[in-house]
2 protein chains.
Amino acid sequence: MRTALRSERPDSHFEDIRGLHLFSEMSEESFLTLMRGSYVQNFPPQVELVTEGEQSDFLHVLVDGSVEMLSSWNGRETVMATVRPISTFILAATIRDAPYLMSAQTLEKSRIVLIPSEDVRDVFEEDVNFARSIIAELAQCYRSVVKNIKDLKLRTSLERLANYLLREQHRQKAGDSFDLPIDKRRLASRLGMTPENLSRAFKNLQGYGVEVRGGRITITDPAELERFAKPDPLIDDKSA
Amino acid sequence: MRTALRSERPDSHFEDIRGLHLFSEMSEESFLTLMRGSYVQNFPPQVELVTEGEQSDFLHVLVDGSVEMLSSWNGRETVMATVRPISTFILAATIRDAPYLMSAQTLEKSRIVLIPSEDVRDVFEEDVNFARSIIAELAQCYRSVVKNIKDLKLRTSLERLANYLLREQHRQKAGDSFDLPIDKRRLASRLGMTPENLSRAFKNLQGYGVEVRGGRITITDPAELERFAKPDPLIDDKSA
DNA sequence: CGAACGCTTGAACCCTGTCAACTCAAGTGG
DNA sequence: CCACTTGAGTTGACAGGGTTCAAGCGTTCG
């Protein structure tokens with residue numbers, strides 16, 4: 001596991017962070033300013049890092065582990081996204097100095113760098129390159145949620161699942177076989193359906209060349225699945 | 001109608017644009033650079049201004065009229081948002097120099113200012129204040145789509161309609177009576193439901209103090225409607 | 001007046017959510 | 001080592017919400 005190996009060089013995650021689009025273009029000075037004010041923390045699984053509705057004090061950078069973004073209303077709860085290393089979350093709330101729209105909670109043991117929101121706002125006033133990176137990042141985030149809405153409104157749950165599987169296969173650079181990266185119950189919520197419904201959806205996809213054994217997915221007939229799923233770059237491509 | 005009054009002073013819409021958060025903080029010089037390169041155009045209703053999937057050439061500013069943002073997939077189509085004066089649209093695609101994720105079409109006769117995307121990108125490199133405004137605007141847009149997702153995933157269609165009515169009442173600063181600003185069929189699509197379903201939803205809301213006659217809504221029992229709708233600032237507030 | 005269109009209504013069907021029972025695997029403790 | 005517990009996942013039965021199809025109503029507009 002990476003965390004263990006890296007623990008000898010306490011500053012090494014700074015390099016990882018520097019590698020992110022968001023931080024790669026800024027001046028060394030600005031970057032060090034941000035890092036000097038930041039805290040590195042290790043969290044056990046199932047810890048609530050930020051709470052929906054509270055004020056934004058830190059920009060979070062997930063260096064290792066995994067984090068789930070959740071929202072709730074009127075007693076219901078839904079999974080909005082899953083964050084994997086290395087990436088930031090709740091940038092928009094940080095920028096606007098506004099309350100969080102989602103909660104975040106660790107799924108596994110996670111290492112997270114906390115950068116005070118105020119520092120972020122101060123630094124982008126000074127460093128045009130950082131400002132430009134923030135713009136690029138926010139535009140990207142925006143486009144990715146718009147795609148999420150299109151997925152929700154234009155597709156049935158079965159189609160969403162089919163396209164999710166194709167995306168996941170591609171993301172993991174897997175062959176025709178790969179493991180689901182999260183629980184099925186969380187996946188169901190992410191895709192806007194109930195666990196029971198997801199279970200049935202998986203069964204239905206058997207007819208389109210998908211085999212499921214536990215969390216292991218095997219796509220036996222990729223052409224058939226694609227014909228059904230009709231993936232679209234304007235919904236399914238992470239970048240662009 | 002404002003358009004008629006203003007047509008005598010052809011540059012007056014520049015002042016309107018200057019009043020937008022996005023343009024109010026930048027230097028006069030930068031602003032004039034943008035305006036000099038821009039085109040003002042009047043469009044009749046039902047014109048497709050931008051097409052999903054095409055490359056982004058202009059940042060659009062709606063000065064007068066109204067515009068609908070649409071997305072489609074696999075023969076289905078959905079209303080993503082309605083844009084009213086004075087505001088910009090497709091900022092994110094402009095910034096990222098990426099293909100549009102939505103189409104835009106005029107609902108009424110509309111006056112639109114087209115600012116070449118390249119100019120926008122050039123100017124924010126130079127003008128830190130403009131960059132800062134873009135950041136604020138994008139963060140705002142991002143948060144507003146996240147709210148849309150929460151609305152879709154956490155609420156039933158009846159709850160979405162109820163909250164829509166409360167938001168619309170508030171937006172129009174209306175008393176207990178106001179007109180729907182768009183067709184019911186478009187509203188249905190916006191809320192992620194069919195026209196038939198919307199029709200029934202309106203009937204169901206009669207039980208919670210809502211009267212409907214044509215496009216005219218009267219909220220006879222605001223307390224009762226709120227009790228049912230449970231509006232939440234983290235979903236329903238436009239700002240913040 | 002008739003045509004066109006948006007909206008509404010009814011009926012049938014299907015997808016989805018709910019509730020409950022059951023399986024299965026992993027972990028716990030006697 | 002094995003019974004017991006626990007939690008996720010699956011399955012079935014059922015109800016409800018939502019879509020679809022078809023027909024009817026009401027306005028507007030030529």
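Overview of results
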read-out: So B:Glu108, is it assigned by TED's automatic domain parsing to the domain that holds B:Trp73, away from DNA strand C (no atom under 15 Å from the Cβ) and surrounded by fewer than 17 Cβ atoms within 10 Å (Cβ to Cβ); value: no
read-out: Condition check for A:Gly215: at pLDDT below 95 and buried (at least 18 other Cβ atoms within 10 Å of the Cβ); value: no
read-out: Residue within the range B:149-157 that is open to solvent by less than 20 Å² (accessible area, probe 1.4 Å), closer than 30 Å to A:Glu25 by Cα, at the interface with another protein chain (Cβ under 9 Å from one of its Cβ atoms) and within 18 Å of the chain's Cα centre (by Cα) present; value: no
read-out: Any hit, the range B:61-73, residues being under 28 Å from B:Leu234 (Cα atoms), among the hydroxyl-bearing types (Ser, Thr, Tyr) and assigned to a loop (DSSP other than H, G, I, E, B); value: yes
read-out: Subset of the range A:186-240 [of a type in the set (S, T, N, Q) and within 14 Å of chain B (Cβ to nearest Cβ)]; value: A:Ser189, A:Thr194, A:Asn197, A:Ser239
read-out: Those residues of the range A:187-197 which are outside any helix (DSSP H, G or I) and more than 8 Å from DNA strand C (Cβ to nearest atom), in sequence order; value: A:Leu191
read-out: Residue within the range B:142-152 that is in the same structural domain as B:Val67 (by TED's automatic domain parsing), away from DNA strand C (no atom under 16 Å from the Cβ), of a type in the set (Gly, Ala, Ser) and part of a helix (DSSP H, G or I) present; value: yes
read-out: Verdict on A:Asp183 being surrounded by 13 or more Cβ atoms within 10 Å (Cβ to Cβ) and more than 16 Å from DNA strand C (Cβ to nearest atom); value: no
read-out: Long-range neighbours under 9 Å by Cβ, at least six apart or interchain, first residue assigned by TED's automatic domain parsing to the domain that holds A:Glu77 and more than 8 Å from DNA strand D (Cβ to nearest atom) within the range A:185-197, second open to solvent by 50 Å² or more (accessible area, probe 1.4 Å) and modelled with pLDDT under 95; value: none
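Each row is one residue, and each column tells you yes or no for (1) away from DNA strand C (no atom under 16 Å from the Cβ); (2) surrounded by fewer than 19 Cβ atoms within 10 Å (Cβ to Cβ); (3) part of a strand (DSSP E or B).
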residue	(1), (2), (3)
B:Ser199	no, yes, no
B:Lys203	no, yes, no
B:Gly207	no, yes, no
B:Ala223	yes, yes, no
B:Ile235	yes, no, no
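The values are calculated or read from the model by the stated rules, or taken from the named source; none is laboratory data. Everything quoted here is computed from the prediction, not taken from an experiment. All Cβ positions, glycine included, derive from the backbone under ideal geometry; neighbour counts span all protein chains shown. The protein model used for the area step is the full one, side chains on, heavy atoms only, and it has no ligands, DNA or RNA in it. Shrake-Rupley method; radii C 1.70, N 1.55, O 1.52, S 1.80 Å.
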